[in-house]
Amino acid sequence: MRKRILAASGLLGLFLVGFAGLYRDLAAQIQPDPQLAFTATLDKEIRDFLKHEVTAHVADITSLDPPPDRVVGALTTGEFSWGTFMRTLGDYSAFASTNTIAGRDIHR
């Protein structure tokens, strides 16, 4: 009986060693696509950047009546206009699938 157990455990050991070798060979053949990894990393960096910047601008608006003269140091006339800003918020809302930025309902 003891010889059968030893033989079975030896056979199991050989099987496990063979399986581990096969798994190692298969894992070595699977190479991640560097372009796909780069694209996913770039996508995350862009999303994080936009979230940070849009949130900072919305958080800096303390009142809409009267509207602030500046938002994050930029004048609210000229290149930084309320129309452009509202368009940006709408586009960002659709892009990020959110209605809330900096704890505020941006659709209101």
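Remarks
- Vicinal HN-Hα couplings computed from phi for the range 81-94 (Karplus, 6.51 cos²θ - 1.76 cosθ + 1.60; Hz; Gly/Pro x): 10, 5, x, 5, 5, 5, 4, 4, 4, x, 5, 5, 4, 5
- Rounded percent of accessible protein surface that carbon and sulfur make up, the range 52-108, 1.4 Å probe: 53 percent
- Under Stokes-Einstein, with the Kirkwood radius over Cα pairs as Rh, the value for the range 37-104 at 25 °C and 0.890 mPa s is 187 µm²/s.
- Neighbourhood charge, 13 Å Cβ-Cβ cut-off, centred on THR39 and excluding it, Lys, Arg +1 and Asp, Glu -1: -1
- For the pair THR100 and LYS44, the difference between a 0.36 nm per residue extended length and the Cα-Cα distance amounts to 18.2 nm.
- Amide H contacts of VAL71 (H built 1.01 Å from N, in plane; Pro and chain starts excluded): THR76 sit under 5 Å, all sequence-distant by 5 or more or on other chains.
- The slack between GLU53 and GLN31, meaning 0.36 nm per residue of separation minus the straight C-alpha distance, is 4.4 nm.
- Residues of the range 35-108: accessible area per residue with a 1.4 Å probe, Å²: 74 Å²
- Karplus-derived 3J(HN,Hα), 6.51/-1.76/1.60, for each residue of the range 33-46, Hz, glycine and proline x: 6, x, 5, 5, 5, 4, 4, 5, 5, 4, 4, 5, 5, 5
The values are calculated or read from the model by the stated rules, or taken from the named source; none is laboratory data. Since we're looking at a predicted model, the values are computed, not measured. In this analysis, Cβ positions are derived from the backbone assuming ideal geometry, glycine residues included, and neighbour counts consider all displayed protein chains. Each accessible area value is taken on the protein alone, full model and side chains, heavy atoms only, with ligands, DNA and RNA left out. Shrake-Rupley method; radii C 1.70, N 1.55, O 1.52, S 1.80 Å.
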